[in-house]
Amino acid sequence: MQQSLFFNDFLGYSTSGILSLQVASKLCKIGSSDFFFAVSKTRPELLSELDFAMSRIQENNFYYVKELYSKYIGYSGSELFLSQSELSWLAEHGPIRVGYRDNYLAFCAQDPDTGELTGALKDFLELASHSTENAEIEFTAVPVSSPTDSLDMLMSGEVDCLFPTNVSDYDGEELHLSLTIPLMQTGMVAVVRQSAQREFSPQGEVTVAVNEGNPDYETFLNDHFPQWNRVYFTDTEASLAAVGKGEADCISPK
């Protein structure tokens, strides 16, 4: 990764080179990499030309190195193969048990006719089961009715992992849980009465209807809207009814 050295009244560096030219001027590029071009000693002019070309590419696209890594390295090599200890663990353990939130489409739900997993999680597990060259990973999907029950099942060892969960890094450490990077992303919206949508302001005095017993909503509100007043209801239908009656300004972001 290239790092740029700048000078104004101090000497410092930036990993991207994005600094105002009014306060800093680029002096040179420093840094190191595990990958190089090899140039014949009889063609030294190629080295300067390559260095110049690579510098121009990096200046025109700050994400070029990251994009190359993702395309050619991120999903290749040793990451495509399970180690011997991992293969032994799978053979002894059997299918990986995935606890998932029931009735939580479009992410996951239990099909009422077949009892099978459906939704985006199904597609991901099918992809993950064939993601390694030396093993086919088996998953068993276990529907869970509530977030509280799912955490209890994980802590007791009834399931090996959960989806989805919105536990913060701090809460994860406190609960001795390991969190992955986000599996997928979605937008969050607050559902308000049609008659009040012009007056609604997230920065104002807001009373939000929250499904009780759902730590995902609590974590999201704590992180983004800790100042909102909260009233709790048994389920989403009751929360929507409260918004319609004017007992709450919006339902917890969905």
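Among the residues of segment 117-144, what is the count of those that are more than 21 Å from Met184 (Cα to Cα) and polar (S, T, N, Q)?
So the count comes out to 1.
For segment 180-221, name all the residues that are among the β-branched types (Val, Ile, Thr) and out of contact with any Pro (no Cβ under 9 Å at 6 or more places or on another chain).
Thr180, Ile181, Thr186, Val192, Val206, Thr207, Val210, Thr219
Can you tell me which residue within segment 104-142, out of those that are polar (S, T, N, Q) and part of a loop (DSSP other than H, G, I, E, B), is nearest to Thr234 (Cα to Cα)?
The residue in question is Thr114.
Could you please tell me which pairs satisfy a Cβ distance under 8 Å, a separation of 6+ or placement on different chains, a first residue in segment 225-251 that is in contact (Cβ under 8 Å) with a residue 12 or more places away in the chain, and a second residue that is of a type in the set (D, E, K, R) and loosely packed, with under 12 Cβ neighbours inside 10 Å?
Pairs that qualify, where the first residue is in contact (Cβ under 8 Å) with a residue 12 or more places away in the chain and the partner is of a type in the set (D, E, K, R) and loosely packed, with under 12 Cβ neighbours inside 10 Å, are Asn229/Glu205.
Return yes or no: is Asp235 assigned by TED's automatic domain parsing to the domain that holds Pro112, over 15 Å from Tyr100 (Cα atoms) and surrounded by fewer than 14 Cβ atoms within 10 Å (Cβ to Cβ)?
no
Restricting attention to strands (runs of 3 or more DSSP E) lying wholly within segment 143-237, give those where 1 or more residues are modelled with pLDDT of 90 or more and under 19 Å from Phe107 (Cα atoms).
Correct list: 161-163.
The values are calculated or read from the model by the stated rules, or taken from the named source; none is laboratory data. Treat the numbers as computed from the prediction; the structure is a model and nothing was measured. Positions of Cβ are generated from backbone atoms using ideal geometry, with glycine treated the same way; all protein chains shown enter the neighbour counts.
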